[in-house]
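Just so it is clear, none of the values below were taken in a lab; they were calculated from the coordinates. In this text the structure is predicted, and so the values were computed from the model without any measurement. Note that each Cβ is placed from the backbone with ideal geometry, even for glycine, and that neighbours are counted across all protein chains shown.
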Amino acid sequence: MMPAVTFDTYKFIKTLKEAGVPELQAEAFSTAVREPHEAAEVATREDLRGLELRIDARFEKVYGEMLLLKWMLGLLIAGMASLILKAFFGV
């Protein structure tokens, strides 16, 4: 579950009013900014860490499969080389 982004509307309106923005406009700006913040889905560090762990686990699986394929390919090449040596050189 992702937490909502906190937005201090009071501080935002106060800052705008101190800059000379009329209060009604400051409140409208605050609403316009607050609504997208409330609807936003933000990933936390824990979310990203979980994703990183899942990706790492998948890469470990792929690495293991590639290592197995390398060994199988090496054995296949060694077997073929021994057959070629036997066929041409009678070793």
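One table, with the values for the structure above:
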| read-out | value |
| --- | --- |
| Residue within the stretch 74-91 that is among the β-branched types (Val, Ile, Thr) and touching a Leu at 6+ places or on another chain (Cβ under 7 Å) present | yes |
| Test: residue in the stretch 44-55 that is touching a residue at least 24 places away in the same chain (Cβ under 8 Å), surrounded by 10 or more Cβ atoms within 10 Å (Cβ to Cβ) and among the polar types (S, T, N, Q) | yes |
| Contacts under 6 angstrom Cβ, first residue in the stretch 77-91 being at negative phi, partner surrounded by 10 or more Cβ atoms within 10 Å (Cβ to Cβ), 6 or more apart | Val91/Leu85 |
